[in-house]
Each structure stands twice: as structure tokens, then as C-alpha cells.
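Engineer: Structure in C-alpha cells, see below.
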Amino acid sequence: MTSIGLISGIIVMFCWGVGDFFASILSKKLGAIKTMFVNNVFGLIVSIPLIVYIYSNNLIKLTWMNFFLICLSSFIDIFAVYNFLRSLEIGEVTIVSPISSAYSLITVILALLL
């Protein structure tokens, strides 16, 4: 199980690294909001079969607390993605990407505290 986690982590690292590079190019050409919009529309289109499968097979039990947490994390994610793309639009990917990648430090601190 550990080796699968390690391999998955390396795949994520590679994909996010390449994704940051292309997001930087798009943000400089289109702007942060347009880049975010295009990424989200494409992501939704790709996700539609998965969404239909999950809901048609009742794989998610959606309680009010789960709904609240989904909404909260979505708003936080939207705020984060916009600021990330905006910083790529006006800054250098070689500075922005490593700083934003330190988000896992916040996750570890929160996990330890809670």
C-alpha cells in the first residue's frame, strides 16, 4: 500500500508541476478569471460521467453537514485557485509555484491540531 501511495504522490507532483507551467502561460495570455473558467468548464465536462455514476448508484450519503463541508471547501478552493492563477498572471511561475506548494504545511498543522 505504501508503494502505491508513493507512486501516486509522484504522479501528482509531476501533473501539478506540468499543470502549473501551462496555467502560468494561460494566465498571462487570458487572465486569471478566464483561465479559471475554462479549466472549470472542461473539468465539469470530463466529470459528468463520474457524477452521473455516483448519484445513480447512491454512492454518496449527502447529509446537511457533508453538504456544508462541500460548500465550504468549494468556496475556499475557488478563492485559492483564483489567487493562484492571479499570482501566475502577474508573477513568475518559479516563485509562485513553490510558495503555493507549501500548502501541505497548513494541512499537516491542522491535522495535528484537530
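Engineer: Which of the residues that make up the stretch 23-54 are of a type in the set (A, V, I, L, M), surrounded by 12 or more Cβ atoms within 10 Å (Cβ to Cβ) and more than 12 Å from L88 (Cβ to Cβ)?
Structural biologist: Within the stretch 23-54, I33, V38, I54 qualify.
Engineer: Moving to a separate point now. Identify all residues within the stretch 90-103 that are open to solvent by less than 60 Å² (accessible area, probe 1.4 Å) and part of a helix (DSSP H, G or I); write none if there are none.
Structural biologist: Listed by number, the residues that qualify are V93, V96, S97, S100.
Engineer: Within the stretch 9-30, identify whether any single residue is basic (K, R), modelled with pLDDT of 90 or more and farther than 25 Å from T107 by Cβ, and answer yes or no. Break it down stepwise before answering.
Structural biologist: From the stretch 9-30, those basic (K, R) are 28-29; that's our starting set.
When the remaining residues are screened for being modelled with pLDDT of 90 or more, the result is 28-29.
Still in the running and farther than 25 Å from T107 by Cβ: 28-29.
Within the stretch 9-30 (the criterion being basic (K, R), modelled with pLDDT of 90 or more and farther than 25 Å from T107 by Cβ), the answer is yes, since at least one residue qualifies.
Let's see how each residue does on (1) in contact (Cβ under 8 Å) with a residue 12 or more places away in the chain; (2) in contact with a Leu (Cβ under 7 Å, 6 or more places away or on another chain); (3) part of a helix (DSSP H, G or I); (4) under 20 Å from F84 (Cβ atoms):
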site	(1), (2), (3), (4)
G17	yes, no, yes, yes
S27	yes, yes, yes, yes
N39	yes, no, yes, yes
L44	no, no, yes, yes
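The values are calculated or read from the model by the stated rules, or taken from the named source; none is laboratory data. Since the model is a prediction, treat every value here as computed from it, not as a measurement. Every residue, glycine among them, receives a Cβ derived from its backbone with ideal geometry; neighbour counts consider all protein chains shown. In case anyone asks, the SASA skips ligands and DNA or RNA and just uses the protein heavy atoms, side chains included. Shrake-Rupley method; radii C 1.70, N 1.55, O 1.52, S 1.80 Å.
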